[in-house]
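**Student:** Quick one: the structure is below, and I'll ask about it shortly.
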Amino acid sequence: MNTIMTLHSLTRWLVLLFGVMTVFTAISGMMSRSKYSALTDKSSLLFMIMFDIQVVFGFVLYFENGWFDRLKHLGDFMKDSLMRFFTLEHWLLMLIAWVLVHAGRTAVKKAPDSQAKYKKALIYFGIVLLLILIAIPWPFREAVARPWFRWF
C-alpha cells in the first residue's frame, strides 16, 4: 500500500501540470482567437489519462485502507475533519472532477468551432482543476495535511 500511496501522491503533480497547461492554453486560445490547437487537445488528453490513473490509485487506497467501510458510521465521523475529509469529501470531489474531465473532453470534441472548443475547455477543465485543488490534502491544511511529496 505504501507504493500505491507514493504513486498516488506523485501522480497528483502530473495531473496538476496537465490541468494547468490545459486551462492556460484554453485561455490563450480564446484571447488570441486562434484555431483550436493540437497542444490544447493533447494537454487535455494527458490531463484525462493522468487523472484516470490517479483515480485508479485512489480507489485502491480507498477500498484497501478501509475508508469505504467507514461510510457505515458516517455520522460518527462528521465531527472529525480528518475522517470526514478522507471518508467523504476527498473522494466525492475527485469523483465529480473525474466525471467532468471526461464530459469536458466530449463537449470540446462536439463543439462546432475553435472558440466554442476553447470556451468549453476553459469551463470544464477550469472547474475540474478547481475541484482538484480544493480536494487535495495540502500540507497547509492543518486537519488533513499530507506532505508535498511522498517517497518510496
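**Student:** Roughly what angle does helix 90-110 make with the longest principal axis of the chain, taking Cα atoms, 0 to 90 degrees, to the nearest 10?
**Tutor:** Long axis of 90-110 versus the principal axis of the chain: about 20 degrees.
**Student:** Give the distance, in whole Å, between the Cα centre of region 27-43 and the Cα centre of region 78-140.
**Tutor:** 20 Å
**Student:** Provide W151, W13, W98 in ascending order of the number of other Cβ atoms located within 10 Å of each residue's Cβ, fewest first. Present the calculation step by step, with values, prior to reporting the outcome.
**Tutor:** On the way: W151 8, W13 12, W98 20.
Placing the least packed residue first, the sequence is W151, W13, W98.
**Student:** Most exposed first by the Cβ proxy, i.e. fewest other Cβ within 10 Å, how do R33, R105 rank?
**Tutor:** Details: R33 9, R105 19.
Lowest to highest Cβ neighbour count: R33, R105.
**Student:** How compact and how long is region 87-152, expressed as Rg and Dmax of its alpha-carbon atoms in Å?
**Tutor:** 15.1, 46
**Student:** Let's see if you can work this out: charge +1 on each Lys and Arg Cβ, -1 on each Asp and Glu Cβ, no other charges. What is the dipole magnitude of the chain about its Cα centre, in debye to the nearest 20? If you can, show how the numbers build up before the last one.
**Tutor:** Numbers: 17 positive and 9 negative charges, 118 e Å.
With Lys and Arg at +1 and Asp and Glu at -1, about 560 debye.
**Student:** Provide Rg and Dmax in Å for the chain, with only Cα atoms included in the calculation.
**Tutor:** 17.0, 53
**Student:** When the chain is modelled as a GNM with alpha-carbon springs shorter than 10 Å, which of L45, L74, L100 fluctuates the most?
**Tutor:** It is L74.
**Student:** For the chain, modelled as a GNM with alpha-carbon contacts under 10 angstrom, which of F63, F47, F24 fluctuates the most?
**Tutor:** The residue that fluctuates most here is F63.
**Student:** A further question follows. What's the tally of Lys pairs in region 2-135 whose alpha-carbon atoms lie under 23 angstrom apart, where the two lysines are 8 or more places apart or on different chains?
**Tutor:** Final tally of qualifying lysine pairs is 15.
**Student:** Tell me, what is the percent relative contact order of the chain, built from C-alpha pairs under 8 Å that lie six or more residues apart? If you can, show how the numbers build up before the last one.
**Tutor:** Working: 163 pairs, mean separation 48.8, N = 152.
Relative contact order here is 32 percent.
**Student:** Okay, moving on. What spacing in nm lies between the two simple spin-label points modelled at F24 and F149, each 7 Å away from Cα in the Cβ direction?
**Tutor:** Calculated label separation equals 2.0 nm.
Readers should treat all values here as calculations from the given coordinates under stated rules, not as data from a laboratory. Worth saying up front: this structure is predicted, and the values here are computed from it rather than measured. FYI the Cβ positions are ideal-geometry reconstructions off the backbone, even for glycines, and counts take in every protein chain you see.
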